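Student: This structure is in structure tokens; I'll ask about it shortly.
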Amino acid sequence: MTGTTVDLIWLAPALPLLGFVLNGTLALARPTAKTLVSIIGAGVLLAAFGVAIAVFSAFTGLHAEAPVVFRYWSWIPVGTLQVDFALQVDQLSLVMLLVVTGVGSLIHLFSIGYMKDDPGYARYFAYLNLFVFFMLVLVLGASFPVMFVGWEGVGLCSYLLIGFWFSEEANANAGRKAFIMNRIGDFGFMVAMFMIFWSTGSLDFDTVFAHAPTALTAGGTAITAITLFLFLGCTGKSAQIPLYTWLPDAMAGPTPVSALIHAATMVTAGVYLVARCNLLFALAPVSSAVVAGVGALTALFAATIALKQWDIKKVLAYSTISQLGYMFLAVGTGAMTAGMFHLVTHAFFKALLFLGSGSVIFALHRAYHHTHSHEDAQDMRNMGGLARYMPWTAALMWIATLAIAGIPPFSGFLSKDEILTAAFARGSVEPIWLVFWGLSLVAALLTAFYMTRLMIYTFHGPNRTGEQEQTHLHEAPWILTGPLVVLGVLSAAGGLLNVPELYHGGEWLHHWLEPVTHPGAALRPEPPLVSGTEWMLVGVAVAVAVIGIVGAWQLLKPERLVPARTASAERGFARILRNKWYVDEIYDALIVRPLVWLSREVLWKQIDQRVIDGAAVNGAARGTRALGWANRWLQTGQVGTYVAVFVVGVLLVLWRAMS
Amino acid sequence: MYARWVLTALLAWPLIAGVVVLLLPARLAKYVALAASVIEFAISVPLWWTFVPDGSMQFTMDRAWIAAWGIHYTVGVDGISLFLVLLTTFLMPLSILGSWSYITKREGGFYALLLVLTTGMIGVFVSLDLFLFYVMWELMLIPMYFIIGVWGGDNRLYAAIKFFIYTFLGSLLMLVAIIVLYVHAGNATGVYSFAYAHLLSNAKDLGPTAWWLFGAFFLAFAIKVPLFPLHTWLPDAHVEAPTAGSVILAGILLKMGTYGFLRFALPFFPAVALSQTVQLVIVILSLIGIIYGGLVAMVQPDFKKLIAYSSVAHLGFVMLGIWALTLQSVQGALLVMINHGISTGALFFLVGMIYERRHSRLIAAYGGIARVVPLFAAILTVVSLSSIALPGTNGFVGEFLVLIGAFRTYPLATALATSGVIVAAAYLLTALQRVIYNPLTQHENENLTDLTPREIAVLVPLLVCILWIGIYPKPILRRMEPSARALIEQLKPGTVQAPPAGAGAGEGEGGQQ
């Protein structure tokens, strides 16, 4: 207890939980009470955002160097394992708290308009509220197990919301796939917890981080294994190679869900985890290199796939995977601030892109609805020239595009540049990082390209929606556009959070996070760069972004596109990209189908039914019966037979005795 | 007064009530049986407050029964058996209420058998005389045989006989082992008695015989657990049994196996049980149970069989936890035993409820019914999540404790066992999807009715337990800990960690109990 507003932190998760309980009850009892649902659903979020701001301002007044921990009840107390249900407030969790409740509020407001005609409206808001609750437990939890409650909880909500329109099998499949792939990651998280507990004697963050430097040898097997298992958890939750394939499928959920869960908040949990455990990763250089390498590779790999997708949300999904790759490159490099900075700016511009695409889909959907057409409202080949009909959406999405492409002075430019600079600087000590830097630079080129492609195909050139439909295309209502405007401002100006010294900025975020990132940074300091080199790197990054945009503008010919219905399939390399390098098919052929076949044909039908049950169990029964059948001939009840047997027996005994 | 007579009352009351139910007209049977089981539960509830967690046997009573052979009526509970007794008295009223519309023929006999079964089950958990234990063990076998064989599905006779012979084979060998122990202790001390404490303290100097005796106990308990490859009676028994039978079978009968290991097989023969060979065998069989059980569950077309195989996986966690013998793993194992009773019990209830409407257990007969029966779908989802150990539900606390505790003893095996959480998600979420999600394609499902108030009354107590144990398991853990500690201290002296001084939040709140 601090005696300040910080003590009210419990309200932040409690409010959305309350929203879930109320909306969940309404979903079962009065699903048509949409006004009430909206007031509760968005109201609890706005209130939670209010709490977040109040706690933030109170916390700045405390000038705390250590996290403020609130222990509510003893959760799992067994012997030396004492897990309390405890929340902690510190600089890092506050950043996440503000992003989750702030962006979350905007997306809840957007959802009121976007989902208003859906019969599952109450259920939708119940799930969305529940998600925010678990997300806040994740970022506020003061120990690994409490964080894990949020960690699996957000996975659950993601599952429920991806499969929200469950009557289509593809959606339900996508939800299940997300849950199971996340569980593979969670397996890593759990094993890491076991190792942490037995090596440091605790699972509380403060105790673990205090004991880790003495309990674990830097660079030793134990710490390397712990951090790698933790990172396995991250690859699941944050969609990195090799567990990323669930995220593109997750686009089956409603678009605001994609914006909130699968872009701005949940998928960044892995980045948050590494930043939270920066000390552990600083003790394990091999793991850090793995984190950075996987991040850089994912950034490039996902960007290549984004080049050839037609579904507007799929482009953004691969873009998200790619941007998350940048964040992991950052935190693997030891540049925790850069990673968190990009997490924040990405939350702004990617939420904007998703909501903008939602606005576009909403418009197309309505137009097709009017004409009773069954065209795909998400396929960019059915769009084109929409800037004429939806000028606000187009302009705002251009801001986000410039931000993600890394054009100064938009937010993404500053955050991405910090990551590239940090990777290059690390390369001066550990050359492998120069490779990572190169990979991510190419990814930056592709990013600018595929985003420009998305914008051109969606908003420029001739319209391909259809003659009749065109008359029904117009800008979305203000409940949709309003949140977009706020996100537009944030995407443009979000970089102010951490303007580097290079531009005589104050690096606010860097200083703010210092109490959290210091332990790791002290063990693994970032190598310095001279300002000349930094300027050169900025120049290269901007040049790459400009080349990407101009290149796309020059090369792509939107007027040659035809609507999806009449389009022909790609050929050659484009086809491989279009089919996502066939990774899903490879996983299916190598893992899923063999496992199911093994389980059904071998384990169940052969081992269980034939060997154990058939041969052994029922075999024993048959054997017994056969024995009984055989014995039946001895028990005939006919005296003559008995006498004969008796005589033979006596003769045998006599013969034995004589010889 | 209460402390001396409560266990005897818990044993005698269902027997008396069972006879009464048989004598009354059949149409009254279900009401009387429900009332009797609620009273039984009410009798057991004060155990919760009056139990003192100090590791000792409590509520004990000791009377000579067949004095000439040293057979006593000795009963008592400690932190290990307390919750199994409470679980039994808790599940029985629900099972009876849950059978009201399912059982339509020979109701009197059915409910009378359920009540007799209650005595047998509680008797197994409270007996502190091995002869009495054996009698109780057989006593619970016979009613279950009839419940499956008379009120079961199409293939009920095969399943009932398989269940009976399988269990009986194990228990006969156990009887031989008990008699050998009795004679051995008698020869050594001159006192011939079946008393638990007497046999336990004289189970030394058995030499190689210990291996045979352990083997006999092992077989009896391993069949009950069931441990791979002795599990194939379970899917048949589960599928054929009526809902109440499946609930009790999974909820309580299986726990008799793991309870037997904790109470008898391990303490009597620690040198054998903790030998390298036996440890290796148990750990491997538990692992097979967890992974193999999960994988086979994944491909079952019949929902009840799926749950049956998932039981094999859950009980694999329990066995791993018991053998790892750390405070966390043993308490985790005890908690998984309880959780499995609650969650799997609830799953069987839910499958039974939908079966009553649609008369099919096949997963493929459903699909998309969340739209038609939203409450059923919501509850099935919560229960499934508890079964796959989502944090916040009871399942997580148990599995987490087992795994974190077992990791210290068997790191590699535990890491492998942890992958069971992936398999669990795969089989249960797939089934969930195919039942409540996907398009609604089957015409018969369009007019299913949602849960009735009676059905809700059966499920709500289970849901409350799922969340309560998931969020605040401390009252239960606190009561188990001294007994778990004593057990480990007895088997592996000096390995239990001392409780940390002043750790944990809210020190004062334990006092309310």
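None of the figures in this text is laboratory data; all of them are computed from the coordinates on show. What you see is a predicted model; the values in this text were computed from it and never measured. No Cβ is skipped: glycine too gets one built from the backbone with ideal geometry, and neighbour counts run over all protein chains shown.
Student: Going by a ≥ b ≥ c, the root eigenvalues of the Cα gyration tensor, does the protein assembly as shown fall in the rounded group (a/c under 1.5), the prolate group (a/b larger than b/c) or the oblate group?
Tutor: The shape class here is prolate.
Student: Something else about it: Rounded, prolate or oblate for region A:441-600? Axes are the square roots of the Cα gyration tensor eigenvalues, ordered a ≥ b ≥ c, and the cut-off for rounded is a/c under 1.5.
Tutor: oblate
Student: Then there is this: Can you tell me the 0 to 90 degree angle between the C-alpha axis of helix B:2-23 and the longest principal axis of chain B, rounded to 10?
Tutor: Between the helix axis and the principal axis of chain B, the angle is about 50 degrees.
Student: Using every pair of alpha-carbon atoms in region B:1-61, split the distances into 10 Å bins beginning at 0 and state the percent of pairs per bin, rounded to integers.
Tutor: Reading upward from the zero bin: 21, 42, 23, 12, 2.
Student: Quick one: divide the alpha-carbon radius of gyration of region B:338-492 by 2.2 N^0.38 Å and tell me what you get.
Tutor: Details: Rg = 18.3 Å, N = 155, 2.2 N^0.38 = 15.0 Å.
Compared with the compact-globule rule of thumb, region B:338-492 sits at 1.23.
Student: Considering the dipole of region B:355-450 built from charges on the beta carbon (Lys and Arg +1, Asp and Glu -1) around the Cα centre, which of B:373, B:425, B:435 is farthest to its positive end?
Tutor: B:425
Student: Rounded to the nearest 10 degrees, what's the angle between the helix A:432-459 long axis and the longest principal axis of chain A, both from Cα atoms, 0 to 90?
Tutor: The helix A:432-459 is inclined about 70 degrees to chain A.
Student: So for chain B, Kirkwood radius off the Cα pairs, Stokes-Einstein at 10 °C and 1.306 mPa s: how many µm² s⁻¹?
Tutor: Details: Rh = 23.0 Å.
In µm²/s, the coefficient is 69.
Student: Between residue A:630 and residue B:478, how high is the FRET efficiency from 1/(1 + (r/R0)^6) when r is the Cβ-Cβ distance and R₀ = 51 Å? Nearest 0.05. Can you show the working numbers first?
Tutor: Values: r = 60 Å, r/R0 = 1.18.
For R0 = 51 Å, the calculated efficiency reads 0.25.
Student: Set the Förster distance to 25 Å, then compute FRET efficiency between residue A:98 and residue A:72 from the Cβ-Cβ distance, nearest 0.05.
Tutor: Numbers: r = 22 Å, r/R0 = 0.89.
About 0.70, to the nearest 0.05.
Student: Another question about this same structure. Using alpha-carbon pairs under 8 Å, 6+ residues apart, how would you state the relative contact order of region B:307-371 in percent? Intermediate values should be presented prior to the final figure.
Tutor: On the way: 30 pairs, mean separation 17.3, N = 65.
About 27 percent, as a whole number.
Student: So if R0 is 35 Å, what FRET efficiency would residue B:106 and residue B:454 give, r being the distance between their Cβ atoms, rounded to the nearest 0.05?
Tutor: On the way: r = 21 Å, r/R0 = 0.60.
Efficiency at R0 = 35 Å is approximately 0.95.
Student: Is the C-alpha gyration tensor of region B:284-341 telling us rounded, prolate or oblate? Criteria: a/c under 1.5 is rounded; beyond that, a/b larger than b/c is prolate, otherwise oblate.
Tutor: Details: a/c = 4.48, a/b = 1.87, b/c = 2.40.
Oblate is the answer for region B:284-341, as a/c is 1.5 or above yet b/c matches or exceeds a/b.
Student: Right, next: Relative contact order, percent, of region B:359-486 when contacts are C-alpha pairs under 8 Å separated by at least 6 residues?
Tutor: 44
Student: Using the Karplus curve 6.51 cos²θ - 1.76 cosθ + 1.60 with θ = phi - 60°, work out ³J(HN,Hα) for each residue of region B:333-345 in order, rounded to whole Hz, and write x for Gly and Pro.
Tutor: For region B:333-345, the Karplus-derived couplings read 4, 4, 5, 4, 4, 5, 4, 4, x, 6, 6, 5, x Hz, x marking Gly and Pro.
Student: Give the lysines whose C-alpha is closer than 25 Å to that of residue A:314, dropping any in the same chain fewer than 8 places away, or say none.
Tutor: Output for residue A:314: A:116, A:177, A:237, A:350, A:416, A:557, A:580.
Student: Take every Cα pair under 8 Å in region B:75-141 that's 6+ residues apart, average their separations, divide by the length, and report that relative contact order as a whole percent.
Tutor: Numbers: 46 pairs, mean separation 27.8, N = 67.
The value is 42 percent.
Student: Enumerate the calculated ³J(HN,Hα) couplings along region B:442-449 in order (Karplus 6.51 cos²θ - 1.76 cosθ + 1.60, θ = phi - 60°), each rounded to whole Hz, writing x wherever the residue is Gly or Pro.
Tutor: 8, 4, 4, 7, 5, 10, 4, 9
Student: Right, another one. So how long is each side of region A:220-336 along the principal axes, counting just the alpha-carbon atoms, biggest first, in Å?
Tutor: 46, 24, 21
Student: Is there a quick way to get the dipole size of chain B? I mean about its Cα centre, with the Cβ of Lys and Arg at +1 and of Asp and Glu at -1; what is the value in debye to the nearest 20? The partial results should precede the final answer.
Tutor: On the way: 26 positive and 22 negative charges, 69 e Å.
With Lys and Arg at +1 and Asp and Glu at -1, about 340 debye.
Student: Follow-up question, since we're still on this one. To one decimal place, what Kirkwood hydrodynamic radius in Å is obtained for region A:508-659 from all pairs of distinct Cα atoms? Each step should come with its number before you reach the end.
Tutor: Values: mean 1/r = 0.0367 Å⁻¹.
About 27.3 Å for region A:508-659.
Student: Between residue B:67 and residue B:5, 0.36 nm times their residue separation minus their Cα-Cα distance comes to what?
Tutor: 20.2 nm
Student: Where does chain B land at 222 nm, in deg cm²/dmol rounded to the nearest 500, when only DSSP H runs of n ≥ 4 count, each adding -39500 (n - 2.57), divided by all residues? Show your work: numbers first, answer last.
Tutor: Working: 22 runs with 355 residues, N = 513.
One gets -23000 deg cm²/dmol as the mean residue ellipticity at 222 nm.
Student: Rounding to the nearest 20 debye, state how big the charge dipole of region B:272-398 is about its Cα centre with +1 on each Lys and Arg Cβ and -1 on each Asp and Glu Cβ.
Tutor: 340
Student: In square nanometres and to one decimal, what's the mean projected area of the convex hull around the Cα atoms of region A:568-626?
Tutor: Reported value for the Cα convex hull: 5.7 nm².
Student: How compact and how long is chain A, expressed as Rg and Dmax of its alpha-carbon atoms in Å?
Tutor: Cα radius of gyration and Dmax of chain A are 30.5, 119 Å respectively.
Student: Starting from the Cα of residue A:118, step 7 Å toward the Cβ, then list every residue of region A:325-357 with an amide N under 16 Å from that point.
Tutor: Within reach of a label on residue A:118, which here means backbone N under 16 Å from a point 7 Å along Cα→Cβ, region A:325-357 contributes A:354-357.
Student: Still on this structure, please answer the following. Dipole of region A:520-574, Cα-centred, from +1 at each Lys and Arg C-beta and -1 at each Asp and Glu C-beta, to the nearest 20 debye? The partial results should precede the final answer.
Tutor: Numbers: 5 positive and 4 negative charges, 70 e Å.
For region A:520-574, the charge dipole is close to 340 debye.
Student: 5 Å is the cut-off here: which amide hydrogens, built 1.01 Å from N in the peptide plane, fall below it relative to residue B:73, excluding neighbours closer than 5 in sequence?
Tutor: When sequence neighbours closer than 5 places are left aside, the close amide H contacts are B:63, B:64, B:65.
Student: Something else now. How much mean residue ellipticity at 222 nm does chain A get from its helices, if each DSSP H run of length 4 or more adds -39500 (n - 2.57) and you divide by all residues, to the nearest 500 deg cm²/dmol? Provide the component values of the computation, followed by the final result.
Tutor: Details: 27 runs with 444 residues, N = 659.
Only helices count here, giving -22500 deg cm²/dmol.
Student: OK, next. Among the lysines, which have Cα under 24 Å from the Cα of residue B:30 when same-chain residues fewer than 8 positions away are ignored?
Tutor: Within reach: B:105.
Student: Something else about it: I want to check the label-to-label distance for residue B:201 and residue A:60. Put each point 7 Å from Cα in the C-beta direction and report it in nm to one decimal.
Tutor: With each label point 7 Å from Cα toward Cβ, the separation is 7.2 nm.
Student: By how many degrees, between 0 and 90 and to the nearest 10, does the Cα long axis of helix A:221-237 differ from the longest principal axis of chain A?
Tutor: Approximately 70 degrees, to the nearest 10.
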